[in-house]
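The values are calculated or read from the model by the stated rules, or taken from the named source; none is laboratory data. Keep in mind it's a predicted model, so treat the numbers as computed, not measured. Neighbour counts are summed over all protein chains in view; Cβ atoms, including those assigned to glycine, are modelled from backbone coordinates with ideal geometry.
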Amino acid sequence: MNIDSIKNGVVIDHITAGRGMKLYRLLDLDGLGVPVAIITNAPSRKKGKKDIIKIDADITVDLDVTGYVDPGATVNIIKDGAVVEKKNPELPLTLKNVLKCKNPRCITTTEQELPHVFRLTDKEHKTYRCVYCDTKASV
Amino acid sequence: MKRSVIDITDLTKEEIDRLTDTANDIINDPEKYAHICAGKKLATLFFEPSTRTRMSFEAAMYELGGAVLSMTDAASSSASKGESVSDTAKVISCYADIIAMRHPKEGAAYVASNAASVPVINAGDGGHCHPTQTLADLLTIKREKGGFSGLTVGLCGDLKFGRTVHSLIQALSRYDDIRLVLISPEELRLPDYVYNDVILKNRMKCTQTTDLLWALPKLDVLYMTRVQRERFFNEEDYLRLKDSYILTPEKLFLAKRDMIVMHPLPRVNEISVAIDDDPRACYFEQVKNGKYMRMALILKLLRENGAITY
């Protein structure tokens, strides 16, 4: 399968197979209106299989969201057809307006203007909890 | 610096120890504290009814010589017109030096504390946190047992939904050499996240049982909570289990002579009234201690915010 290389844009590589669509959704790439290619289950020497997202536009990718979905992914910035910068996102300490608290008793359910904020409470188990009500985020 | 208390973990162990010292000093010499807050105002914002907690805060402020602004009925406040918690907190900050707030939604006090320019004390946010109840519990244990080390603390009843239990376990986890005995029906066992995140993480010694009679002789402290009918999936289970967790004089006969019985109140029938006169019954003392700890906390937060000096 061939997908053209991009000249100016972003390639998110080494995404754990199966997480590409989730990352696409959380980065809200659908709403950008630019060409985006998602490759799933591509062969990988390291992981066996991986997902890749190619964005054919010079945009800033939210590293917190990328790190939350897959801290093993790499974000490559492409300029004039060459990789000019490689970023390795880490598990973010907080996530703002990425996830929604699903606790019906949480204050965010009645106060619509409040940002939905989650904090990392257990790095090992990748546990995020709502800063308002401590409800665990469903990953 | 403005400081709020939303969760018991907002206070360090050392701070809690100092608060209990202050509370003890207030008990021993109330006159010394009777005018410290003269000219200062506490606003009690209660978006849901809670007579005893509100009165405890108000009594605490009056006994410090301060005044109280009280909102007891959310239906007649701006909240009923759709005002946000943040806006309410900002407005009340213009009138009061400190706010005690109860709200049915979890996290409401945190939102208020971010918006207010004065300290906010969480007086209960839904089923989430109620830190001043935990402070009352800690002072009661400390006064009655002289400290925390070496104690075997039994927590009995609804350990699944009881926020006071979760918060007390969290607070006790900071002290060394405490043994917990968790006594509840299978249906109401402590949630895994509390067991794993607090008990296992802090390597607390802990036993879980369904048998109150087995546990009673081992305990130095028995913290009772209510087993509520609505927590059970079926009526049969409730009827089968409800009497197992009612403390009666006959059951108390099995306990140590110096064990103390605590309860966050209100009780329904889980502690027989026949026990009220037993010297081991501490639940009304616990209510009194709640007021003293609230006084100590109000003093601490007002002082840190530069509103008073003492």
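Within region B:114-137, which residues are within 11 Å of chain A (Cβ to nearest Cβ) and either touching a strand residue (DSSP E or B) at 6+ places or on another chain (Cβ under 6 Å) or not in a loop (DSSP other than H, G, I, E, B) (or both)? Hits for region B:114-137 are B:Asn114, B:Ala115, B:Asp125, B:Gly126, B:His128, B:Cys129.
If you check B:Ile121 against the conditions, is it surrounded by 17 or more Cβ atoms within 10 Å (Cβ to Cβ), closer than 17 Å to B:Met293 by Cβ and more than 17 Å from the chain's Cα centre (by Cα)?
no
For region B:230-259, the set of residues classified as of a type in the set (Phe, Trp, Tyr), touching a residue at least 12 places away in the same chain (Cβ under 8 Å) and either surrounded by fewer than 19 Cβ atoms within 10 Å (Cβ to Cβ) or in a loop (DSSP other than H, G, I, E, B) (or both) consists of B:Phe232, B:Phe233, listed by residue number.
Within region B:96-105, can one find any residue that is under 17 Å from the mean Cα position of the chain (by Cα), crowded, with 23+ Cβ neighbours inside 10 Å and farther than 18 Å from B:Leu299 by Cα? Yes: region B:96-105 contains one or more residues that are under 17 Å from the mean Cα position of the chain (by Cα), crowded, with 23+ Cβ neighbours inside 10 Å and farther than 18 Å from B:Leu299 by Cα. When only residues in region B:251-276 that are of a type in the set (Asp, Glu) and at pLDDT 95 or above count, which is farthest from B:Arg229 (Cα to Cα)? Across region B:251-276, the extreme among qualifying residues is B:Asp258.
Among the residues of region B:65-79, some residue qualifies, meaning at least one is crowded, with 18+ Cβ neighbours inside 10 Å, touching a residue at least 12 places away in the same chain (Cβ under 8 Å) and under 15 Å from B:Leu301 (Cα atoms). Selection over region B:260-285 of residues that are aromatic (Phe, Trp, Tyr) and either in contact with a strand residue (DSSP E or B) (Cβ under 7 Å, 6 or more places away or on another chain) or surrounded by 16 or more Cβ atoms within 10 Å (Cβ to Cβ) (or both) gives a count of 1. If you go through region A:73-111 and keep only what is surrounded by fewer than 16 Cβ atoms within 10 Å (Cβ to Cβ) and more than 29 Å from B:Gly126 (Cα to Cα), you end up with A:Lys79, A:Asp80, A:Gly81, A:Ala82, A:Val83, A:Val84, A:Glu85, A:Lys86, A:Asn88, A:Glu90, A:Leu91. Scoring B:Ile178 on the criteria (1) aliphatic (A, V, I, L, M); (2) over 26 Å from B:Ala43 (Cβ atoms); (3) buried (at least 23 other Cβ atoms within 10 Å of the Cβ) leaves a single failure, condition (3). All conditions in (1) closer than 30 Å to B:Arg257 by Cα; (2) without any contact (Cβ under 8 Å) to a residue 24 or more places away in the chain hold for B:Val91, with the sole exception of (1). Between A:Asp13, A:Asp30, the distinction of being over 30 Å from B:Ala108 (Cα atoms), assigned to a strand (DSSP E or B) and under 17 Å from the mean Cα position of the chain (by Cα) belongs to A:Asp13 only.
Conditions (1) within 14 Å of chain B (Cβ to nearest Cβ); (2) part of a strand (DSSP E or B); (3) within 24 Å of B:Ala115 (Cβ to Cβ); (4) among the aromatic types (Phe, Trp, Tyr), marked per residue:
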site: A:Val75; (1), (2), (3), (4): no, yes, no, no
site: A:Glu90; (1), (2), (3), (4): no, no, no, no
site: A:Gln112; (1), (2), (3), (4): yes, no, yes, no
site: A:Leu120; (1), (2), (3), (4): yes, yes, no, no
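Of all residue pairs spaced 6 or more apart or on separate chains, those with beta-carbon atoms under 7 Å, a first member in region B:194-218 that is in contact (Cβ under 8 Å) with a residue 60 or more places away in the chain and a second member that is part of a helix (DSSP H, G or I) are B:Leu216/B:Lys251. Screening B:Phe148 on (1) closer than 19 Å to B:Gly290 by Cα; (2) surrounded by fewer than 24 Cβ atoms within 10 Å (Cβ to Cβ); (3) within 14 Å of chain A (Cβ to nearest Cβ) shows it passes everything except condition (3). Filtering region A:122-139 to residues that are of a type outside the set (Ser, Thr, Tyr), part of a strand (DSSP E or B) and surrounded by fewer than 20 Cβ atoms within 10 Å (Cβ to Cβ) leaves A:Asp122, A:Arg129, A:Lys136.
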